[in-house]
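Only one structure is covered here, and it is reproduced in the block below.
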Amino acid sequence: IGEPDLEMPPQGSAVWHALLFTPEQRRVGLVAAAACHNEIAATVRVPREDVVTTVRLGWWREETGLLAQGRPRHPATRHLAQDRPPPNPCFAALAAPLSTLIDAADRDWRGTTYEDLPALVGHCEEDGGALYELIRQATHPAPADADTIAALRLLGAADRLVGIIRAYHQDAVDGRRYLPPSLLPDQAGALSSMTPELRQALTAVAECARNAFREGVERLPAEEREPCAPLLVLAALRARLLQRLALRRFDVIGYWTELRSISKLTTAWNTARRS
């Protein structure tokens, strides 16, 4: 994309495949949104002193306020705001999901537990869903309407739920327990082996993700399918990954499930063509 101050997505990643099928004039916005998300997520996932994490999250909250005013400092947020001279309603539309991403990251850092599946879905709507909303706002000149945002929140939530299933073992080792106690009371016992209880809990999360994928696609307005084509590619890749996880009966202990390169490419191409 010719922007040396932006972190490019890793080759072969879901965002990289979405970028292949994004119009040239929208690619900078997609990469900038993903870079913001990655940096915020790294703030709470990389081991640091609590005071350092607090300061970093505080800096991002301040940056979000500056973005809303059209005066961002970070290279990625500056690219989000490029070609949008203030005053511009797009600044608030960009700042809102970015603020939500920070709130979700803060919960991850504090080790928030979720009492039931709807609570977990709510968190995922504010994590993955806000990322989808941010990408849509960053790759289109006009802010999205409420129906589009609602659909993207569902697709992003489904994306995040699939990520929680795949990364269950590593997250548990790192002390992050996303599965509600109502689904898996003995999470410590599921760290070393694939128990029937863990398989049943992940199956329930997977069904919730499937419903969110389906509802999100159905609710997305027809006129938004072309602007949201990169996001539909991301969602399709995640849905295909969920199929792969289900074929393995959600065996995630000591195993990282990945799609083959050709499967990613054909899924992305077919989804973009339909969009």
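Annotations
- Cα-based shape type of the range 215-275, given that a ≥ b ≥ c are square roots of the gyration tensor eigenvalues and the cut on a/c is 1.5: prolate
- Placing pseudo-labels 7 Å out from each Cα toward the beta carbon at Glu215 and Gln25 gives an inter-label distance of 3.5 nm.
- Treating r as the C-beta distance of Trp269 and Leu247 and R0 as 25 Å, the FRET efficiency rounds to 0.70.
- Extended-chain gain in nm, criterion 0.36 nm per residue less alpha-carbon gap, Val55 and Ser182: 42.3 nm
- Sparsely packed trypsin sites (Lys or Arg not before Pro) within the range 167-275, loop by DSSP, other Cβ within 10 Å at most 14: Arg225, Arg248, Arg249, Arg260
- Solvent exposure of Asp145, expressed as accessible area, is near 70 Å², computed with a probe of 1.4 Å over the protein chains only.
- Dipole in debye (nearest 20) - the range 164-267, about Cα centre, beta carbon charges: Lys, Arg +1; Asp, Glu -1: 320
- Debye intensity ratio in log₁₀ form over the Cα atoms of the range 135-275, taken at each q of 0.19 Å⁻¹: -1.06
- Histogrammed with a bin width of 10 Å, the alpha carbon distances of the chain distribute as 7, 30, 36, 22, 5, 0 percent, first bin at zero.
- Spatially, the range 231-275 and the range 151-181 are offset by 16 Å when compared through their Cα centroids.
- Loop GluC sites (Glu not before Pro), the range 202-275, which have at most 15 other Cβ atoms in a 10 Å radius of their Cβ (DSSP): Glu258
- Net charge, Ala229 excluded, C-beta distance under 12 Å - Lys, Arg +1, Asp, Glu -1: +3
- Taking Cβ atoms as reference points and 14 Å as the exclusive limit, the residues near Ser275 contribute a net charge of +2, counting Lys and Arg as +1 and Asp and Glu as -1.
- Per-residue [θ]222 nm for the chain (sum of -39500 (n - 2.57) over DSSP H runs n ≥ 4, rounded to 500): -21500 deg cm²/dmol
- Kirkwood-based Rg to Rh ratio, the range 190-242, C-alpha trace: 1.17
- Label separation (Ala142 vs Trp256): 4.2 nm, computed from points 7 Å beyond Cα along the C-beta direction.
- Residue (of Leu232, Leu66, Leu220) at the positive-pole extreme of the chain, dipole from beta-carbon charges: Leu232
- The chain: DSSP helices with Cα axial extent of at least 24 Å and average Kyte-Doolittle hydropathy no lower than 1.0: 229-247
- The range 74-141, relative contact order [Cα under 8 Å, separation at least 6], %: 44
- Selection of GluC sites (Glu not before Pro), the range 39-84, meeting DSSP coil and at most 11 other Cβ within 10 Å: Glu49
- A cut-off under 15 angstrom between Cβ atoms defines the neighbours of Asp251, and their net charge, with Lys, Arg +1 and Asp, Glu -1, is +3.
- What you get for the chain, charging only the Cβ of Lys and Arg (+1) and of Asp and Glu (-1), is a dipole of about 760 debye around the Cα centre.
The values are calculated or read from the model by the stated rules, or taken from the named source; none is laboratory data. If you're wondering where the values come from, they're calculated on a predicted model, not measured in any experiment. Using ideal geometry, Cβ is built from the backbone for each residue, glycine included, and neighbour counts are taken over all protein chains shown. We work out accessible area using only protein heavy atoms, side chains counted, and drop any ligands, DNA or RNA first. Shrake-Rupley method; radii C 1.70, N 1.55, O 1.52, S 1.80 Å.
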